[in-house]
Amino acid sequence: MAGVAPADTEQDLISRAQMAISHCNWEVGECAALWTRRFARGRTDGDFGQLVGLSPDQVYQRRRVWETFSDVYANYADLKWSHFYTSLNWDDAAECLQWAQDIGATVSEMKAWRRAQRGEDLTAPSDEEFFSALVDDPTLVRMPQPADARAGGAESSRAPFDADAETQLAMPAASVARDIGESPEYAPFHDGAVTPPRSADASSRQAQEQPSTEQIVKRMTSALERCSSLMTDEFLQRFDSVGGKTRKRFLAAFVALRDKLDGLE
């Protein structure tokens, strides 16, 4: 994808983004990033979204994926945009993306492989699922796939609009089994994967065990990190618009958490 020429105007970027919405998230993200640097002047992703026809969250996610991976995504020509969106906040994103590229893994398989490498029990809810029980993720996009994409054909290495893969972002790791017709223990791995499945008896026993304090802390840490990432400048600016009861409950929850954490260090 050719870069935007310096002479392009704000309207040029808006027009490009509007035309790219249905087929290339990368281009939308590039336009949003360039608009933010050149023309925003205090305006936000929400303002750009109003100009092109997207929600603030949809603009934010596309811009952040572009800003994070624009210099390397060409190295993973077989991956879809949603692979990069999924790994946006992972500290081991490069390793996971490379694994997915090497074996042609889906988003769900990549997520499950990462869990296995981190020693998680694939029969238990993931940290992401644990988080989703605490807070709904407003950045998840589920939009209809355009007719020309459903018709088939070769997919661009830039991973154009991919509704099916984006929907997988919230898919539990064990549900990979339903995708490829295998048991959850085997589901996340193609030929060549290195992590062996656990026995059915061991999985059954482990599923019945309660998580340890350390496991709970790890899951809570992931949840809190995700909460922090959601509290963008735009979120903070618009917080006053939240209903009074909801706002008080939100703040009270954080105060209660802070009180419980006092003295732990």
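The values are calculated or read from the model by the stated rules, or taken from the named source; none is laboratory data. Quick caveat, the model's predicted, so the values are computed rather than measured. For neighbour counting, all protein chains shown are included, and Cβ atoms are generated from backbone atoms with ideal geometry for every residue, glycine included. These area figures cover heavy atoms from the full protein model, side chains too; ligands, DNA and RNA do not enter into them. Shrake-Rupley method; radii C 1.70, N 1.55, O 1.52, S 1.80 Å.
Each of the peptides 250-259, 100-109 was scored by the mean count of other Cβ atoms within 10 Å over its residues; in descending order, highest first, they stand as 100-109, 250-259.
Which of Lys111/Lys260; Lys80/Lys218; Lys218/Lys260 have a Cα-Cα distance over 24 Å? In this structure, Lys111/Lys260; Lys80/Lys218 lie more than 24 Å apart at Cα. Expressed as a whole percent, the accessible surface of segment 19-78 that belongs to carbon and sulfur atoms is 47, based on a 1.4 Å probe. Between Arg41 and Thr232, the simple label model (points 7 Å from Cα in the Cβ direction) yields a spacing of 2.2 nm. Largest first, the three principal axis extents of the alpha carbons in segment 32-88 are 35, 20, 16 Å in whole numbers. Taking all protein chains as they are arranged and a probe of 1.4 Å, the heavy atoms of Cys227 leave approximately 40 Å² accessible to solvent.
A Förster distance of 35 Å, applied to the separation of the beta-carbon atoms of Glu67 and Ala252, puts the FRET efficiency at 0.50. In this label model, Glu95 and Asn75 are separated by 1.5 nm, measuring between points 7 Å along each Cα→Cβ vector. Think of a 1.4 Å ball rolled over the protein heavy atoms: segment 63-128 then has 41 Å² of accessible area per residue. Restriction of the trypsin sites (Lys or Arg not before Pro) in segment 13-85 to DSSP coil positions whose beta-carbon has at most 16 other beta-carbons within 10 angstrom yields Arg41, Arg43. The GluC sites (Glu not before Pro) found in segment 1-94 include none that occupy coil by DSSP while having at most 13 further C-beta atoms within 10 Å.
Can you work out the PRE-style zone for Phe239? Point 7 Å along Cα to Cβ, and I want the residues of segment 55-70 with backbone N under 20 Å. The answer is 56-57, whose backbone nitrogens lie closer than 20 Å to the label point.
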